[in-house]
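The values are calculated or read from the model by the stated rules, or taken from the named source; none is laboratory data. Every value quoted in this text rests on a predicted model; they were computed, and no experiment measured them. Here the Cβ positions follow ideal geometry from the backbone for every residue, glycine too, while neighbour counts run over all protein chains shown. Quick note on the areas: whole protein, heavy atoms, side chains included, nothing else; ligands and nucleic acids left out. Shrake-Rupley method; radii C 1.70, N 1.55, O 1.52, S 1.80 Å.
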Amino acid sequence: MVKVEKISQSITPFGGISFVHDIFERSGMRKLIDKELGTRNSTFGYTYGTLLGTWFDLFLCGGDCAEDMEEHLYDTLSAIPGNRVCKADTLLRCLKELSVENTPFTSDSGNTYQFNINEKLNSLMIKSLLLTGQLEKGKSCDFDYDNQIIEHEKYDAKRTYKKNTGYFPGAAAIGDRMFYIENRDGNAGVKTGQAETLQRAYRLLSANGLKVRRSRMDAGSYSKEIIEVAAAHSELFYIRANRCASLTERIRQIETWETVEINFKEYQVASLQFTQFFEDRNYRLTVMREKSDNPQADLFTGDNFIYRSILTNDHESSEKEVIEYYNQRGASEKNFDTMNNDFGWKHLPCSDMPYNTVYMIITAMIKNFYLYILPKIAEAFKNISPATRLKRFIFRFICVAGRWVYQNRGWKLRLYTDRPYERLVA
């Protein structure tokens with residue numbers, strides 16, 4: 001039989017959050033947020049730095065909605081000396097305050113779709129990356145862009161091409177750090193307004209002293225207008241090409257194929273000059289093919305190969321190097337998986353696109369900050385690495401019994417563990 005002894009002293013099971021909170025303060029994130037977002041109405045009592053800091057603490061303690069603050073975390077975070085913690089209604093009100101109205105975009109077919117473009121928060125996101133040293137001014141970077149369906153059943157959800165309902169946001173990233181997010185109706189075409197979206201993302205990088213060396217995009221960006229934008233703002237670009245009759249005919253005429261090994265699998269590769277959109281541009285189409293498991297010949301190519309092609313202006317790299325570099329964008333695509341499963345995109349809090357866009361950008365900032373603190377903590381904790389997912393991090397670092405005590409004219413965090421938290425003290 002289990003014997004129970006109750007202790008009235010306030011001991012938190014989330015003692016590790018105090019160290020994360022300390023890194024947040026020392027990094028200057030709170031000051032940056034207040035500087036960029038300005039002051040709130042004085043009667044509200046909380047600055048934007050305090051509100052966003054509370055969102056940061058909430059997610060890094062394992063919460064995934066504002067209500068978790070009151071139900072599970074309020075006492076823990078209130079116990080941190082000097083920390084002001086707000087309730088769920090204030091956190092949600094913050095989303096409304098930082099929102100902007102939707103912008104309508106009309107497609108070539110005449111249909112109108114709603115976009116939400118929050119330039120102030122996107123600017124804050126990239127400046128937070130610069131502040132924490134995750135990006136450096138004057139340095140060249142690799143630019144990735146992708147769209148992803150965020151499934152939900154809010155009142156403004158639209159039916160997507162996957163036959164579900166939701167939004168269809170576009171996000172630009174540098175590696176695994178998102179720096180620009182625009183939300184859009186779920187039924188908007190992937191190419192609708194994308195050239196303008198990319199222009200805004202590229203301009204944001206340029207305004208903050210960052211240069212783009214290479215840009216990668218999937219077939220959703222394969223159009224003349226979008227290719228022109230990518231070519232104008234980056235030294236090199238790599239865009240998956242869509243299949244069409246004229247392109248298929250040119251590929252059929254290729255006589256010489258080189259066999260290469262990519263990821264332990266053999267492919268045949270070749271290149272040809274690309275002239276579909278631009279007669280006067282020196283662009284290159286890199287083509288790869290592999291044997292299909294289906295013995296039946298393809299109706300268009302007359303063989304049983306699977307073809308894929310990449311449009312680029314890179315004439316120095318070999319076909320294998322072009323393909324391997326493009327394939328690395330899979331790491332960027334994991335950003336959406338991480339945001340959906342670790343940082344709340346699966347459970348949007350509001351019924352309005354403008355408010356949910358604010359939420360998505362704030363949680364992307366939290367994810368970027370999480371990637372900033374991981375290497376610091378990994379230096380002290382052997383069972384944590386810079387690639388540790390959030391759930392494991394919470395179990396191995398955040399979840400430790402502790403309490404704040406006032407002793408010798410100062411606050412001291414008393415932890416009930418032998419793990420090396422003391423190595424993180426500045």
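What is the sum of charges, Lys and Arg at +1 and Asp and Glu at -1, for the other residues whose Cβ falls under 9 Å from the Cβ of TYR145? Around TYR145, the charge tally is -2.
Straight Cα distances below 21 angstrom link LYS139 to the lysines LYS127, LYS211, with same-chain residues fewer than 8 positions distant left out.
Selection among ASN294, PHE278, VAL400 by position relative to the dipole of region 272-403 gives VAL400 as farthest towards the positive end (Cβ unit charges, Cα centre). Placing unit charges on the Cβ atoms only, positive for Lys and Arg and negative for Asp and Glu, gives region 271-413 a dipole magnitude near 1500 debye about its Cα centre. Amide H to amide H, with H built 1.01 Å from N, THR165 comes under 5 Å of HIS152, THR160, counting only residues 5 or more places away or on other chains.
Recomputing Kirkwood radius over Cα pairs in Å from the coordinates shown identifies the correct label among (1) 35.1; (2) 24.0; (3) 22.9 as (2). According to the square roots a ≥ b ≥ c of the eigenvalues of the Cα gyration tensor, what is the shape class of region 162-288, taking rounded for a/c under 1.5, prolate for a/b larger than b/c otherwise, and oblate for the remainder? In terms of gyration-tensor shape, prolate.
Restricting the trypsin sites (Lys or Arg not before Pro) of region 155-197 to loop positions (DSSP other than H, G, I, E, B) with no more than 12 neighbouring Cβ atoms within 10 Å leaves LYS162, LYS163.
Exposure check, 1.4 Å probe, all protein chains in place: GLU379 carries approximately 140 Å² of accessible surface. Close amide-amide hydrogen proximity is noted between ILE117 and THR103, each under 5 Å apart and 5 or more residues distant or on a separate chain (H modeled in the peptide plane; Pro and chain starts excluded).
Under 13 Å of direct C-alpha separation, and excluding same-chain neighbours fewer than eight residues apart, LYS162 reaches these aspartates and glutamates: GLU151. Residue-wise HN-Hα couplings along region 175-184, as the Karplus relation 6.51 cos²θ - 1.76 cosθ + 1.60 with θ = phi - 60° gives them from phi, are x, 9, 10, 6, 10, 8, 9, 10, 8, 7 Hz; Gly and Pro carry x. Phi angles across region 83-95 convert, under the Karplus curve 6.51 cos²θ - 1.76 cosθ + 1.60 with θ = phi - 60°, into 3J(HN,Hα) values of 8, 9, 10, 9, 8, 4, 5, 6, 4, 6, 5, 4, 4 Hz, Gly and Pro given as x. Here the Kirkwood formula puts the hydrodynamic radius of region 22-162 at 18.0 Å, using every distinct Cα pair.
The 3J(HN,Hα) values that the Karplus relation (6.51, -1.76, 1.60; θ = phi - 60°) gives for region 209-218 are, in residue order, x, 10, 10, 9, 7, 9, 10, 10, 8, 8 Hz. Gly and Pro appear as x.
Counting charges near THR90 (Lys, Arg +1; Asp, Glu -1) among other residues having Cβ under 13 Å from its Cβ returns a value of +1. Within the shell of other residues whose beta carbon sits under 10 angstrom from the beta carbon of GLY209, the net charge comes to +2, with Lys and Arg scored +1 and Asp and Glu -1. Around the Cα centre of the chain, unit charges on the Cβ atoms of Lys, Arg, Asp and Glu (plus for the first two, minus for the last two) sum to a dipole of about 1480 debye. Taking GluC sites (Glu not before Pro) across region 126-211, the ones in a DSSP loop with at most 15 further Cβ atoms lying within 10 angstrom of their Cβ are GLU136, GLU153. So what's the angle, to the nearest 10 degrees on a 0 to 90 scale, between helix 48-60 and the longest Cα principal axis of the chain? Taking Cα atoms only, the helix is inclined about 80 degrees. Within the full protein context, the accessible area of HIS72 is estimated at about 110 Å² for a probe radius of 1.4 Å. Between region 90-147 and region 299-349, the C-alpha centres lie 22 angstrom from each other.
Using a cut-off of 19 Å between Cα atoms, the listed pairs LYS334/LYS367; LYS158/LYS224; LYS163/LYS346; LYS334/LYS391 include LYS158/LYS224 as exceeding that distance.
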